Amino acid sequence: MMNAVTLGSIVARNRRKAGLTQAELAERIGTKQPVISKIESGAEFATIPLLDRIARATGEPIVLKLGIDEEPTREERRRRVRRATRGYTFNPWNRNPTPAEIKTLERDGLTRDSFRGSQSPRRG
Amino acid sequence: MIRSEARNLLDEADREGKRLRRHLLAAAALSLILEHRPIVVGGTAEDYWTDNDYVPTDLDMCAPISKEDERRLANAGFKREGRHWFREGEHPIAVEFPEARIEGEEQRAVEVPVGSTTVRVIGVEDLYLDRIRQSTATPEEDSEPLAGAVAIASARYERMDWRYVTKVIRSTLERDPPLGALMQRIDRRVRTRVRRALSGSGF
């Protein structure tokens with residue numbers, strides 16, 4: 001489903017392709033930089049007339065596909081998760097596994113030691 | 001006696017090195033064995049929806065477990081170990097039935113094809129809400145439930161029914177204001193963080 005985040009990412013990609021800053025794009029279409037920022041982050045849904053102006057200002061047509069489900073590939077999904085979680089490592093040993101769970105983890109080589117060197121979650 | 005199809009699925013699960021696939025095979029077998037079809041929840045569901053190597057420690061499923069079910073589980077090679085039903089083998093598996101029913105809407109569960117059958121997995125919105133609910137107990141920025149909520153939302157942002165998520169949180173707010181307010185705050189934080197991360201991805 002086309003949602004504000006998907007649309008915002010298209011606007012951001014086209015703006016960058018045109019070599020424009022958010023402020024420059026805003027000026028070209030007669031609006032303010034925070035409006036572009038909200039559209040690109042998906043906090044606001046741009047209207048069709050505004051999208052038309054953005055497309056003309058960047059020289060890149062915006063194609064809206066409605067009524068179909070477009071999901072990212074598995075690899076893209078993994079990249080997105082890594083970016084959004086800031087590389088968080090899910091460590092099963094932090095969940096105080098029961099003896100039964102420990103047997104399944106160890107049989108798979110997922111020992112406590114194997115998680116020791118993993119990246120710690122970053123705050124923020 | 002258990003059905004041969006279920007036995008084959010369990011044998012395949014025992015040989016399967018990948019944890020998610022193994023859990024889904026076992027869930028498929030148990031869907032044929034138990035009186036009521038279970039719904040996969042918890043870490044296995046999170047692993048399924050996020051493709052993020054969550055590493056579930058066990059296979060959590062919601063289903064009412066009767067005495068007859070217990071007999072069938074024992075026939076299928078599962079032994080009771082604490083709160084788990086444990087099946088020994090090349091790749092052992094620990095199964096838990098934490099609740100008889102999921103918290104949420106069963107019709108949102110999806111049918112995941114496994115071999116010649118399917119497994120029911122909790123809907124992505126209800127799993128997300130479960131992680132948000134859990135985050136209220138451990139609201140730190142680096143808590144596992146919060147990271148889980150971020151992972152689910154970022155992996156499946158387009159397909160998630162955000163109006164349903166908002167509706168459930170609003171009804172929690174009416175029923176239990178402190179919990180609802182916390183859920184609302186965490187949900188907003190997660191959505192903002194995910195939107196920021198995804199807006200630069202060009203997907």
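The values are calculated or read from the model by the stated rules, or taken from the named source; none is laboratory data. All values reported here derive from a predicted model rather than from experimental measurement. Counting neighbours? That spans all protein chains shown, and the Cβs are built from the backbone with ideal geometry, glycine included.
Odds and ends about this structure:
- Unmet criterion (only one of (1) touching a Gly at 6+ places or on another chain (Cβ under 6 Å); (2) over 28 Å from residue A:90 (Cα atoms)) for residue B:46: (2)
Every residue, every condition in (1) in contact with a strand residue (DSSP E or B) (Cβ under 7 Å, 6 or more places away or on another chain); (2) closer than 25 Å to residue B:149 by Cα; (3) without any contact (Cβ under 8 Å) to a residue 24 or more places away in the chain; (4) among the acidic types (Asp, Glu), yes or no:
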site: B:38; (1), (2), (3), (4): yes, yes, no, no
site: B:41; (1), (2), (3), (4): yes, yes, no, no
site: B:53; (1), (2), (3), (4): no, yes, yes, yes
site: B:79; (1), (2), (3), (4): yes, no, yes, no
site: B:104; (1), (2), (3), (4): no, yes, no, no
site: B:111; (1), (2), (3), (4): yes, yes, yes, yes
site: B:114; (1), (2), (3), (4): no, no, no, no
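- Single residue of segment A:93-112 satisfying the filter (more than 17 Å from residue B:54 (Cβ to Cβ) and polar (S, T, N, Q)) that is farthest from the other protein chains (Cβ to nearest Cβ): A:111
- Taking first residues from segment A:49-75 that are away from chain B (no Cβ under 14 Å) and within 18 Å of residue A:24 (Cα to Cα) and partners that are surrounded by fewer than 14 Cβ atoms within 10 Å (Cβ to Cβ) and not aromatic (Phe, Trp, Tyr), the Cβ contacts under 6 Å between residues at least 6 apart in sequence or on separate chains come to A:55/A:61.
- One residue stands out in segment A:1-48 among those that are of a type in the set (Val, Ile, Thr) and facing another protein chain (nearest Cβ under 10 Å): the one that is nearest to residue B:162 (Cα to Cα), namely A:5.
Residues are listed down the side, and each one gets a yes or a no for (1) buried (at least 21 other Cβ atoms within 10 Å of the Cβ); (2) in a helix (DSSP H, G or I); (3) within 14 Å of chain A (Cβ to nearest Cβ):
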{"residue": "B:150", "(1), (2), (3)": "yes, yes, yes"}
{"residue": "B:153", "(1), (2), (3)": "yes, yes, yes"}
{"residue": "B:159", "(1), (2), (3)": "no, no, yes"}
{"residue": "B:170", "(1), (2), (3)": "no, yes, no"}
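- Qualifying positions in segment B:74-94 - part of a strand (DSSP E or B), more than 9 Å from every other protein chain (Cβ to nearest Cβ) and surrounded by 15 or more Cβ atoms within 10 Å (Cβ to Cβ): B:87
- Residue within segment A:106-113 that is modelled with pLDDT of 90 or more, in a helix (DSSP H, G or I) and surrounded by 16 or more Cβ atoms within 10 Å (Cβ to Cβ) present: no
- Residues of segment B:96-114 satisfying the condition of being closer than 15 Å to residue B:30 by Cβ and in contact with a helix residue (DSSP H, G or I) (Cβ under 7 Å, 6 or more places away or on another chain): B:112, B:114
- Looking only at residues in segment B:46-73 that are in a helix (DSSP H, G or I) and under 12 Å from the mean Cα position of the chain (by Cα), the one that is farthest from the other protein chains (Cβ to nearest Cβ) is B:48.
- Flag if residue A:62 is at pLDDT 90 or above, under 26 Å from residue B:161 (Cα atoms), in a loop (DSSP other than H, G, I, E, B) and β-branched (Val, Ile, Thr): yes
- Only residues that are hydrophobic (A, V, I, L, M, F, W, C) and buried (at least 19 other Cβ atoms within 10 Å of the Cβ) were counted across segment A:52-66, and they come to 2.
Yes or no, residue by residue, for (1) part of a loop (DSSP other than H, G, I, E, B); (2) of a type outside the set (Asp, Glu); (3) within 30 Å of residue B:54 (Cβ to Cβ):
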| site | (1), (2), (3) |
| --- | --- |
| A:39 | no, yes, no |
| A:45 | yes, yes, no |
| A:70 | yes, no, yes |
| A:82 | no, yes, yes |
